[in-house]
Structures are given as structure tokens and as C-alpha cells.
Amino acid sequence: MQQQPNELEVPLSEVVEAQGHLIDSHIMEQIFDAVVEYGGRFEVEHFSIGRTNSEPSKLRLRVHAPTHDDMEKLMTQLLGLGCAPVDAGDVETKEAPKDGCAPEDFYSTTNQKTIVRHKGQWLEAANQRMDAMIVLRDKSAVCRRLRDIKAGDQVVVGMRGIRVAPESKERDRLAFAFMSNEISSERQVETSVAQTAAIMQQTRKDGKKIVAVAGPVVVHTGGVAALSSLIRGGWIDALLAGNALAVHDVESALLGTSLGVRASDGRQEHHGHQNHMRAINAINHAGSIKAAVETGKLTKGIMYECVKANIPFVLAGSLRDDGPLPDVITDMNRAQDAYAEQLRGAGVVLCLSSMLHSIAAGNMLPAWVKIVCVDINPAVPTKVSDRGTGHAVGVVTDVGLFLDLLSKKLQS
């Protein structure tokens, strides 16, 4: 008797479609590479190139894979590149078994725009962010963190009925010519400053927020005056940081030192190692940063300007914090929630020499929010850019210099 072939060994095929700036963003070559990498092959059924800056290119592709398992892995990769099955059908959901637990085969989001098909209608997922689940309720879809899942939630599972729209590079690069994920210490700082200023001005016109994520290096490199000026000038809508930025900013304002080093001449203050603790103690006596400002104890600096301008700030704690200051949120879940709240509605985020908080903020953002990451260490902008956005730039330079130039540019 002739042996029948195993059904799982019969080559499978799917027809997928993608559209956007597929050539400019190198997405099409990534699609082809993914098919080959997972042991498949492809046939281009249709391809049309957009003829204007705004017109997208369109690709229709039939992909083949040797087994169901190979096809599932391949489709997972293609979905992340913006390919959607032509015969997608509705999305599949399963009930969450209990609070904080999703079904085992849940779909995990990226930071790219995600759309799901439910009862024949395509729904854009709200609150887009990476590493979330998609929950369907009534006629809406929303990204929800694992810890926010509630028993009975209808959680999207599998890969069917899902479309991802990756952010693509713009053909018109005049306004955002440096938004190319390139990390280089050779880029002229003045050019990056000018383009950052242009983005901030456009963000203002669009009615979106400008959020600063800053580390204590801003203080150490002499950037206090410049960042204070940006806050006074209305260029910053929220400040996200940790205990250290606020501590050393207060130390600088009260004692003229940062990490015990005098700002006036760069020399170590006698017993200066105590100064940051004296700064914490002064705020503790006042009760809070705001109280220290209101009582006249704190009269200058970044935190002072935030209070005077009524700019919200979030200080997230960490294991290494001294003190911490009474304003610091030491519960990590609460701190994440507070960061996410201030990032909502952001058009651009300035990440200023803080690896930990910059990466944390980046993970909370959808891919279409622009990020400017400034750090003397090229590894930091690289890590932030690697999160998958087409609108992140790394500026490798001294953050104090960058802020000084940026402040002057926006005042001119």
C-alpha cells in the first residue's frame, strides 16, 4: 500500500498584503528576508510603487511554508512587518482566567499601531504600547498591561484578525532629516539642536505635549540654567526623572555643588560628599519640594521652576536612592502609572542622559511619538532607538552643552 503523505508536511500557503513606504523604510526587503529565513518561499502577486510622497506602495504576496509550525512562525514575523492575511477573518479571544493572568496563547503587542477585526469591523487598539495584551470590550479594543488584566476580560489570542502598521520613514525628509535611527558622535551638535528646536515648535503648533526625561548628569554638566529656562519659557509640559536629579538640583541650588563638586570652579568642596544628604534633609524639613519653594527655602533650579510654572513632575524611586526625597514614588507600579499618565498625548520626548528612565519611558510610548535621546555614551541612544520606532534619534554629546544651545535657539 502506498504511504499517504503526512498532512503537516504538505506545503502551506497564505496570501498577505502590506502597504506603506515599503521601499524607503526597507520593509519590503525585510519581508522577503523573513520568508527565506523561516524556510519558506514567496511569489509576488502584485506590487505598485507610490508615485507621490503621500501615496503608499502596495504589496500582495503569496508565501509558502513546509509545515504548519513553520507557517505560524513565519506569519508571526510578517505580522510585525505590517503584513496582513487577505482572508484574515475575525480576531479570536479567550477569557482571562483570573486577575493578572492572560490565556497562554495571548497576542503580545509591539509599540506599532495595531488594528484587530471584530464582527467584521476593524478596530484600532487604544493606548498602544509594547508588551501589552489587547482586550475587547463592547465595540472597542484597548492595550492593557498584564497586571491590569481582570478575570473575564476577552483577551485577543493567536494571530488571526490582526494587522500591524509599522511606522515608516517619511519621503519628505526636509523637516525631520535626521530622524533615521543613526547614532553618531560626528553629527554636528548645532544641526541636531536646530532640528530638535524645529520639532518642538511643530509639536507646539500641533497641540501636543513636550516631555523631558532627565538624569542627574543634567546637573553635573551645568545644564540646570538651560533646562530651567526651557521650563520658564513654556517649552516643557512634564518632567520625568528619579530621585537623583531632584537631589542634586536641590544640592546645587542650596549649596552650590553637585556631588560635592563646586559649580563655580569645578573643585571638590571640603566635606562636599555630605551635601546631597544635606539637600535631602532640607526638603524633608520643609515636607516636600513644593513646600520648600513656597516657604522660600528653595529659590532656584529645575525643581523650583517646575513648581513655579505648575509643571507636573514625577520622581520614580530605585533601590540605590539616598533618602529618598518625600516626593519620590517608591512603589514601582505607581511610578509606572504616573509616568504613563504624563506621557499620554506627547508629541516629542526629550531623553536627557538617563538610561534607566529613558528606556522605561520609551517602552510606554507608541512608535509614532518622536524621541530625541541625548547622551555622551552612544550605548544609551542606541538602546532607546532599538525599541523599534522610526522617529528616534540619538545625539552623542554633552547634555549640558546641548541644552544650552537648545535654550538659546528657542529664545532667538
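Computed per residue of the chain from DSSP H runs no shorter than four, each worth -39500 (n - 2.57), the mean residue ellipticity at 222 nm is -9500 deg cm²/dmol.
What the Cα convex hull of region 346-412 gives, in volume per residue, is 79 Å³. The H on the amide N of Ser258, modeled in the peptide plane, is under 5 Å from the matching H of Ala263, each at least 5 residues off or on a different chain. The angle between the Cα long axis of helix 355-364 and the longest principal axis of the Cα atoms of the chain comes to about 40 degrees, rounded to the nearest 10.
The mean sequence separation of alpha-carbon pairs under 8 Å and at least six residues apart, normalised by the residue count of region 261-355, gives a relative contact order of 20 percent. Here r is the Cβ-Cβ distance between Ala194 and Gln77 and R0 is 60 Å; the resulting FRET efficiency, rounded to 0.05, is 0.95.
In sequence order, region 108-122 has phi-based couplings of 9, 6, 9, 8, 8, 4, 10, 10, 10, 9, 9, 6, x, 10, 8 Hz under the Karplus curve 6.51 cos²θ - 1.76 cosθ + 1.60, θ = phi - 60°, and Gly or Pro positions carry x. Using Cβ point charges alone (K and R +1, D and E -1), the dipole size of the chain about the Cα centre works out to roughly 1460 debye. Normalising the average separation of contacting C-alpha pairs (under 8 angstrom, six or more residues apart) by the number of residues puts the relative contact order of region 183-411 at 29 percent. Going by the alpha-carbon gyration tensor, a ≥ b ≥ c the square roots of its eigenvalues, is region 80-134 rounded (a/c under 1.5) or, if a/c is not under 1.5, prolate (a/b greater than b/c) versus oblate? Here region 80-134 falls in the oblate category.
If you work out Rg/Rh (Cα atoms, Kirkwood Rh) from the coordinates, which of (i) 1.05; (ii) 0.97; (iii) 1.25 do you get? Only one listed value fits the structure, namely (i). The relative contact order of the chain, computed from alpha carbon pairs under 8 Å that lie at least 6 residues apart in sequence, is 15 percent. Can you pull out the cysteines in the chain that have no other Cys Cβ under 4.7 Å? Cys83, Cys101, Cys143, Cys306 - these cysteines have no disulfide-compatible partner (Cβ-Cβ under 4.7 Å) in the chain.
All of the numbers you see were taken from the coordinates with simple rules; none came from a lab. Everything quoted here is computed from the prediction, not taken from an experiment. We place every Cβ from the backbone using ideal geometry, glycine too, and count neighbours over all the protein chains shown.
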